[in-house]
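Working notes, beginning with the structure itself.
The values are calculated or read from the model by the stated rules, or taken from the named source; none is laboratory data. This structure is a prediction, so every number in the text was calculated from the model and none was measured. Using ideal geometry, Cβ is built from the backbone for each residue, glycine included, and neighbour counts are taken over all protein chains shown. Just the protein is used for accessible areas: all its heavy atoms, side chains included, with ligands, DNA and RNA removed. Shrake-Rupley method; radii C 1.70, N 1.55, O 1.52, S 1.80 Å.
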Amino acid sequence: MPNWNLSNEAMLGLGLGAVALAFLLILWLIKRSTNPKVCKKKVTGILKRFAGIRQFRVLTDLDLAFEGQTAHFDQVLIGFYGISFITCLGESAAYYGQERDASWSRVDDGNKKVSFPNPLLAGEKGIDTVRRIFSKNDVYNIQMEHLLVFAGARKKTEVYVKSTVPVLKRKELGQLLDKVKYQKDNSVDVQKLAGLLQQYAQKSSAV
């Protein structure tokens, strides 16, 4: 029979090793939770779960080009109610801006301040490009909206933005989609519109 008796030093070594591994795992999980790509994927996951049981479509990383105009949306939700074009800010930081400001800023944990173009204005221009595409293809009366989602880690993302249009943290997206508005059937041809957007897309993926 093997001898399983371990010395106090060996037991201490094993205990310290286990603590070190647990500490490294916690650090990895924290780092992963603030990774912008991971945060954006979590938003995509929320949309896919919502779309899957309703025969809706989700397009991701959609870049459109039409008559010299371009548009980018991180996610697009196409349903019988209409279309939601989503801009997703994945960095875990404090965000500052006004609805009509040309630029906004974010400040991370290290107090590093970064300015970037106002995503609400970019969203407006993007939806105008979509309207032009639809008009070119005789598609009218589609309810469309732009949603701005702050997807960063919950405890490390603060939003100081005043806006009359939907500006949401990631956890609030599911609550928004539960509203009656998204259950309405406005006779939207989901597959047709998804195909049309992909026709003018430089790159995208779809569900």
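Scanning region 135-179 for residues being surrounded by fewer than 19 Cβ atoms within 10 Å (Cβ to Cβ) and assigned to a helix (DSSP H, G or I) gives a total of 10.
Can you pull out the residues in region 84-129 that are open to solvent by 80 Å² or more (accessible area, probe 1.4 Å) and not hydroxyl-bearing (S, T, Y)? Let's see the steps before the verdict.
Let us first name the residues in region 84-129 that are open to solvent by 80 Å² or more (accessible area, probe 1.4 Å), namely 96, 98, 100, 102, 109, 111-113, 115, 117, 124-125.
Within region 84-129, Q98, R100, A102, D109, N111, K112, K113, P117, E124, K125 meet the criteria.
Taken over region 154-199, residues that are within 22 Å of K42 (Cα to Cα) and in contact with a Lys or Arg (Cβ under 8 Å, 6 or more places away or on another chain) amount to 7.
Residues are listed down the side, and each one gets a yes or a no for (1) under 24 Å from R54 (Cβ atoms); (2) modelled with pLDDT under 90:
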| site | (1), (2) |
| --- | --- |
| G123 | yes, no |
| T129 | no, no |
| F134 | yes, no |
| V149 | yes, no |
| K156 | no, yes |
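Return a yes/no flag: does region 76-83 have any residue that is part of a strand (DSSP E or B), at pLDDT 95 or above and more than 15 Å from A194 (Cα to Cα). Scanning region 76-83, I find no residue that is part of a strand (DSSP E or B), at pLDDT 95 or above and more than 15 Å from A194 (Cα to Cα), so the answer is no. Just the residues that are within 9 Å of T157 (Cβ to Cβ), assigned to a strand (DSSP E or B) and of a type outside the set (S, T, Y), please, taken from region 84-99. Within region 84-99, L89, A94 meet the criteria.
Residues satisfying the criterion are absent from region 49-67 (criterion: in contact (Cβ under 8 Å) with a residue 12 or more places away in the chain, under 12 Å from the mean Cα position of the chain (by Cα), within 23 Å of F150 (Cβ to Cβ) and not in a strand (DSSP E or B)).
The requirement of being outside any loop (DSSP other than H, G, I, E, B), within 21 Å of the chain's Cα centre (by Cα) and either free of Cβ contacts under 8 Å to residues at least 60 places away in the same chain or surrounded by 13 or more Cβ atoms within 10 Å (Cβ to Cβ) (or both) is not satisfied by R132. Keeping to region 108-122, report how many residues are within 19 Å of the chain's Cα centre (by Cα) and without any contact (Cβ under 8 Å) to a residue 40 or more places away in the chain. Selection size over region 108-122: 6. Within region 67-80, the set of residues being open to solvent by 10 Å² or more (accessible area, probe 1.4 Å) and over 20 Å from K40 (Cα atoms) comprises E67, G68, Q69, T70, F80.
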